[in-house]
1. What number comes out for the charge environment of His18, summing +1 per Lys or Arg and -1 per Asp or Glu over other residues with Cβ under 14 Å away?
2. Of the candidates Glu64, Glu78, Glu115, which one comes out as most mobile in a Gaussian network treatment of the chain with C-alpha springs shorter than 10 Å?
3. Among Ala117, Ala86, Ala95, whose mean-square fluctuation peaks in a Gaussian network model of the chain (Cα, cutoff 10 Å)?
4. Can you list the HN-Hα couplings for region 72-82, worked out from phi with the Karplus curve (6.51, -1.76, 1.60; θ = phi - 60°), rounded to whole Hz and with x for Gly and Pro?
5. Please list, ordered by chain and number, the residues whose modelled amide H lies under 5 Å from the amide H of Val37; skip anything fewer than 5 residues away on the same chain.
6. Given H placed 1.01 Å from N in the peptide plane, which residues other than close sequence neighbours of Ala92 have an amide H under 5 Å from its amide H?
7. Around Ile68, with a cut-off of 13 angstrom between Cβ atoms, what is the net charge of the other residues, counting Lys and Arg +1 and Asp and Glu -1?
8. Sequence gap at least 6, Cα distance under 8 Å: using those rules, report the relative contact order of the chain to the nearest whole percent.
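Rule-based calculations on the coordinates, nothing more; no lab input. These figures come from a predicted structure and were not determined experimentally. Positions of Cβ are generated from backbone atoms using ideal geometry, with glycine treated the same way; all protein chains shown enter the neighbour counts.
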Amino acid sequence: MEEADGEAAAVRVVTDWHAALNGGDVARLVGLSDPAVAVGGPRGTGSGTQLLRDWVERAKIRLEPLRIVPRGGAVVVEQAATWEDADPDPPAVVASVFLVRNGRVTSVVRYDDLETALWAVAEGDAAGEGQGEGENA
């Protein structure tokens, strides 16, 4: 039962994280994230809340959860992604892997699709080691 409670709490944090991102509430988003949060995606992986702030400002992205799959200590979310500066129709379908510890997101890594994100969790690569290095996540 304790594991299910932890899983439900992690899903709530990830759901709140999406609400903060999509609502433009950067202060809340940062509050839901660990100070050393790992942020990864197609442009590489970096860490820290300043990187998260910079990413939100630069990307101008909305990530609407389509499916949430708790898996192996991670929360995998299939998302409809739209960017403010891009053609919104149709949204891109991507997936992100979230790691949550002590009520905060410690890692968020975006993948091209749900299958790849689930594979990363199964292979133990959910923290983004396979996404490349850099500070432009």
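1. Neighbour charge sum, excluding His18 itself: +1.
2. Ranking Glu64, Glu78, Glu115 by mean-square fluctuation puts Glu115 first.
3. The residue that fluctuates most here is Ala86.
4. Result, rounded to whole Hz: x, x, 10, 10, 9, 10, 7, 9, 8, 9, 10.
5. Residues meeting the criterion, in which the H sits 1.01 Å from N, are Gly48, Thr49.
6. Residues meeting the amide H criterion: Ala81.
7. Details: positive: Arg12, Arg67, Arg71; negative: Glu7, Asp16, Glu64, Glu78.
Local net charge: -1.
8. About 29 percent, as a whole number.
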